[in-house]
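*Asks:* I have a structure I would like to understand better, so I am pasting it below and will then ask my questions one at a time.
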Amino acid sequence: MQTVLYLFPQLNLSAPKEEPYQITKPQKQEGTMENNNRHKDKRHRLSLLLHKADSREILVPLFRKPEKTYTCLDEHSKWGECLNKLLVHKSGLNLFRAFLQSEHSEENIDFWLACENYRKTKTLSKLSSKAKKIYSDFISTDAPKEVNLDFHTKEVTKKNIVRPTLSCFDLAQKKVHTLMEKDSYPRFLKSKLYQDLLLESEAHNCGPRRRSHSFTSIGVLQAQSDFTYWL
């Protein structure tokens with residue numbers, strides 16, 4: 001009798017064991033992962049920039065305009081209307097004094113400024129010393145910066161400083177103001193210093209490139225004031 005042998009590999013103990021089937025995920029290349037990270041980083045930075053630009057936190061002008069360091073043409077033109085409009089503006093006062101210096105007559109504007117500062121004195125006990133200093137600097141016969149005052153005005157001012165008040169120099173200051181208004185101020189309006197200022201201001205408003213300058217009207221306006229009369 002012939003015996004039939006059925007072979008079942010699963011039950012064949014002598015057969016070599018098969019390795020278990022493992023599902024492995026394909027590994028991404030390192031270069032691809034780095035590129036993805038770079039793209040994500042760029043997108044993140046771009047979104048931040050867009051957000052800031054929308055909120056007006058970042059302003060990147062194509063051409064940076066020079067900052068204005070002096071007043072406009074309209075303001076400069078107003079200085080030609082009257083002396084008071086010139087004196088109340090710090091830049092106008094600087095330019096006017098520079099003109100007076102060129103004529104060696106800055107004592108008038110210095111005296112006017114000294115009277116303005118004197119009138120602002122808050123401590124009455126300091127009036128006497130301040131009044132005597134102004135008188136000795138500008139009014140007395142041997143004053144180093146004597147202003148052109150008539151005899152009557154000098155005598156009135158001399159009596160006023162004996163018992164000084166805030167208004168003891170009003171008469172003398174008014175006389176000097178009138179002198180500047182009728183004499184030096186008209187010459188200032190015709191001077192090259194002021195006329196150059198108007199031309200430079202007009203050129204600046206029209207938009208051409210600003211030219212360099214050493215001692216022009218604009219340079220005088222930009223300079224810090226160093227003539228404040230201390231009391």
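*Asks:* Go through (1) farther than 18 Å from Met180 by Cβ; (2) in contact with a Leu (Cβ under 6 Å, 6 or more places away or on another chain) one by one and return the number of the condition Ser136 breaks.
*Replies:* (2)
*Asks:* Cys115 fails exactly one of the following numbered conditions: (1) among the hydrophobic types (A, V, I, L, M, F, W, C); (2) within 20 Å of Lys174 (Cα to Cα); (3) modelled with pLDDT under 95. What is the number of that condition?
*Replies:* (3)
Each row is one residue, and each column tells you yes or no for (1) surrounded by 13 or more Cβ atoms within 10 Å (Cβ to Cβ); (2) within 38 Å of the chain's Cα centre (by Cα).
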residue: Leu113; (1), (2): yes, yes
residue: Asp142; (1), (2): no, no
residue: Asn160; (1), (2): yes, no
residue: Arg163; (1), (2): no, no
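*Asks:* So, in segment 130-154, how many residues would count as being without any contact (Cβ under 8 Å) to a residue 12 or more places away in the chain and either of a type outside the set (A, V, I, L, M, F, W, C) or within 16 Å of Leu171 (Cα to Cα) (or both)?
*Replies:* Residues in segment 130-154 being without any contact (Cβ under 8 Å) to a residue 12 or more places away in the chain and either of a type outside the set (A, V, I, L, M, F, W, C) or within 16 Å of Leu171 (Cα to Cα) (or both): 7 in total.
*Asks:* A further question follows. What's the total number of residues in segment 127-180 that are in a helix (DSSP H, G or I) and of a type in the set (Ser, Thr, Tyr)?
*Replies:* Number of matching residues: 7.
*Asks:* A follow-up question, please. Can you give me the number of residues within segment 68-77 that are surrounded by 14 or more Cβ atoms within 10 Å (Cβ to Cβ) and either of a type in the set (Asp, Glu) or at pLDDT 90 or above (or both)?
*Replies:* Looking only at that region, the number is 1.
The values are calculated or read from the model by the stated rules, or taken from the named source; none is laboratory data. Bear in mind the structure is a predicted one, so any value in this text is a computation, not a measurement. Don't worry about glycine lacking a Cβ; one is built from the backbone with ideal geometry, like all the others, and counts go over all protein chains shown.
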